[in-house]
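Notes for the one structure printed next.
The values are calculated or read from the model by the stated rules, or taken from the named source; none is laboratory data. It should be emphasised that the depicted structure is a prediction, and the values quoted were computed from it without experimental measurement. Neighbour counts are summed over all protein chains in view; Cβ atoms, including those assigned to glycine, are modelled from backbone coordinates with ideal geometry.
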Amino acid sequence: MNEYNLLIETSCVAQKYWQSVPAPWRGELLRIFSNILRDRKFVLAEQIVKDSKKIISEGEGEVQEMIDVCDFAMGLSRQMYGLTMPSERPDHRIQEIWQPIGVVGVISAFNFPMAVWAWNHALAIVCGNSVVWKPSPKAVGCAIMCKQAWDAACDAANLPAHDLLLILNEDIAISNLLAKDKRIALLSATGSTEMGKSLAPQVAQRLGRGLYELGGNNSMIVSQSANLELAKRAIVFSAVGTCGQRCTTLRRLIVHSSIYDELLISIKSAYTKLVIGDPMDRSTLVGPLISFDSLEKMQDVLNICKANNYIVTGGTPIPTLGLGYVNPAIVEVTEQCQLVQEETFAPILYVMKYETLSEAIALQNGVTQGLSSCIFTDNIQEAEIFISAVGSDCGIANVNIGPSGAEIGGAFGGEKETGGGRESGSDAWKAYMRRMTVTVNYGKDLPLAQGVQFDI
Ligand code: UN1
């Protein structure tokens with residue numbers, strides 16, 4: 001507890017200093033940092049593979065995602081614009097100024113052990129905040145390497161205060177401390193919906209700010225007019241990539257009945273050709289699940305599927321390769337039952353049929369989560385309906401692209417039980433600031449708004 005307090009106090013002191021450093025200088029530090037990341041790309045990616053067990057190409061992609069968001073934040077450092085508004089009062093003007101919010105607490109998960117932190121960190125830093133980071137206990141090595149890279153950037157920039165502090169403590173009680181702590185101006189938490197539901201009320205209790213990126217149950221609608229070859233590639237990458245452990249992983253495939261059989265045959269055939277093995281081997285496409293627990297959970301779910309008479313293809317563990325290795329599974333379901341409603345963090349793809357687009361959209365929206373969604377169609381009306389107000393209810397809705405693998409330029413996050421937060425690109429930076437409305441009177445009189453008279 002004392003150690004925790006010391007850490008937060010140190011972070012508060014760093015933030016006080018950091019908030020008065022001009023934003024373009026803060027951006028300059030991120031430029032130095034992103035160059036260090038470029039130099040260390042491979043070793044960082046290797047550590048990601050060690051901790052998260054994703055394949056090396058995805059590890060390198062994750063480091064690239066960090067580089068991209070740092071570059072984005074550096075550009076932002078001269079563009080954190082506030083609006084100006086006309087005032088109803090003579091000789092007055094109104095303006096918005098974005099101010100640093102304070103200390104940002106970041107809780108991240110094992111599956112993107114560096115990039116999700118980097119999204120938060122880069123924006124928090126350019127906005128003038130300090131960061132306290134509680135990484136996943138499964139990815140402590142990644143956190144230490146990020147901290148070393150950040151410290152190297154601070155040293156190169158001759159910064160007196162190193163404003164990133166790590167909490168390397170497995171205890172869930174630490175997350176609760178962060179949630180309850182008034183000194184944490186913003187708590188950005190990535191993980192399960194269950195975790196979010198336990199942290200959010202504690203943050204709300206003190207009327208603090210929370211940014212939640214929680215569970216997903218992402219879908220793809222494949223229409224009768226889709227390019228099935230493209231769809232197949234997108235399905236396989238987004239369903240089995242990262243061994244089904246992205247929050248954006250494709251979990252539900254909603255296929256028009258007229259092409260259902262054809263598409264299913266082609267996906268099943270692609271699944272048989274998947275190279276499963278050592279994630280450091282460049283020919284591997286699927287590494288192991290993060291833990292034996294995850295494998296067991298996946299097996300439990302598949303057993304229930306079988307008991308429900310759903311057709312299950314794949315899903316068998318491959319102990320000869322090692323702990324956690326498994327064939328990705330395809331489950332043909334006849335309804336969106338309770339199992340399909342839940343996010344199982346493993347490569348299980350539920351496949352179902354639809355007849356009309358509105359039925360497909362209802363299925364897509366008929367779960368509690370709202371992160372990512374997509375449609376494969378060459379019919380412009382279908383595509384436009386899908387992204388219209390009556391279409392997908394998710395934070396991310398793609399056309400002819402799978403639900404995973406977003407670029408950093410857009411805002412990332414989802415609706416409903418995904419938590420509503422937005423990180424990364426677009427104007428997500430505003431969550432890391434407090435909005436100050438400033439009215440300036442440059443006249444010689446004191447008129448009141450709304451014409452109120454109050455003569456003394
Ligand atoms: C996550 O799984 O928490 O869009 C993040 C994607 C990645 C980020 C995933 N860029 O799949």
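Annotations
- Residue within region 82-105 that is touching a strand residue (DSSP E or B) at 6+ places or on another chain (Cβ under 7 Å), among the aromatic types (Phe, Trp, Tyr) and not in a helix (DSSP H, G or I) present: yes
- Val63, sole failed condition from (1) β-branched (Val, Ile, Thr); (2) assigned to a helix (DSSP H, G or I); (3) closer than 23 Å to Leu159 by Cα; (4) at pLDDT 95 or above: (3)
- Any hit, region 11-34, residues being under 30 Å from Phe292 (Cβ atoms) and in a loop (DSSP other than H, G, I, E, B): no
- Which listed residue is touching a helix residue (DSSP H, G or I) at 6+ places or on another chain (Cβ under 7 Å) and free of Cβ contacts under 8 Å to residues at least 40 places away in the same chain, from Leu199, Leu168, Leu164: Leu168
- Applying a threshold of 8 Å to beta carbon distances and a minimum spacing of six or more residues, or different chains, the list of pairs starting in region 220-237 at a residue that is assigned by TED's automatic domain parsing to the domain that holds Leu349 and aromatic (Phe, Trp, Tyr) and ending at one that is in a loop (DSSP other than H, G, I, E, B) and at pLDDT 95 or above reads Phe237/Gly402; Phe237/Ser404; Phe237/Gly405.
- At least 2 residues being more than 16 Å from the ligand (Cβ to nearest atom) and under 18 Å from Gly391 (Cα atoms) is the threshold, and among the helices (runs of 4 or more DSSP H) wholly inside region 273-378 those reaching it are 357-365.
- Number of the exception - Gly410 against (1) within 16 Å of the ligand (Cβ to nearest atom); (2) touching a residue at least 24 places away in the same chain (Cβ under 8 Å); (3) under 20 Å from Gly241 (Cβ atoms): (2)
- Some residue of region 286-296 being among the acidic types (Asp, Glu) and touching a helix residue (DSSP H, G or I) at 6+ places or on another chain (Cβ under 9 Å): no
- Considering Ser175, Ser266, Ser238, the condition of being over 22 Å from Ala143 (Cα atoms), polar (S, T, N, Q) and away from the ligand (no atom under 13 Å from the Cβ) is satisfied by Ser266 alone.
- Taking the numbered list (1) surrounded by fewer than 20 Cβ atoms within 10 Å (Cβ to Cβ); (2) farther than 22 Å from Glu415 by Cβ in turn, Ala329 passes all entries but (1).
- Long-range neighbours under 6 Å by Cβ, at least six apart or interchain, first residue modelled with pLDDT of 95 or more and part of a helix (DSSP H, G or I) within region 108-122, second near the ligand (Cβ under 10 Å from one of its atoms) and hydroxyl-bearing (Ser, Thr, Tyr): Val116/Ser108; Val116/Thr190; Trp117/Ser108; Trp119/Ser424
- Leading residue by the ranking (surrounded by the fewest Cβ atoms within 10 Å (Cβ to Cβ)) among those in region 356-407 that are free of Cβ contacts under 8 Å to residues at least 12 places away in the same chain and of a type in the set (A, V, I, L, M, F, W, C): Ala389
- Lone unmet requirement of (1) within 16 Å of the ligand (Cβ to nearest atom); (2) in contact (Cβ under 8 Å) with a residue 60 or more places away in the chain for Ser130: (1)
- The sole residue among Ala173, Ala115 that is within 21 Å of Ile36 (Cβ to Cβ) and either of a type in the set (Gly, Ala, Ser) or buried (at least 24 other Cβ atoms within 10 Å of the Cβ) (or both) is Ala115.
- Of all residues assigned to region 429-436, none qualifies as being in a loop (DSSP other than H, G, I, E, B) and small (Gly, Ala, Ser).
- Annotation: of all residues in region 190-248 being in a helix (DSSP H, G or I) and among the acidic types (Asp, Glu), the one that is surrounded by the fewest Cβ atoms within 10 Å (Cβ to Cβ) is Glu229.
- Test: residue in region 315-323 that is surrounded by fewer than 18 Cβ atoms within 10 Å (Cβ to Cβ) and either within 27 Å of the chain's Cα centre (by Cα) or closer than 24 Å to Ser192 by Cβ (or both): yes
- Selection count where residues are within 13 Å of the ligand (Cβ to nearest atom) and in a helix (DSSP H, G or I), scope region 45-59: 4
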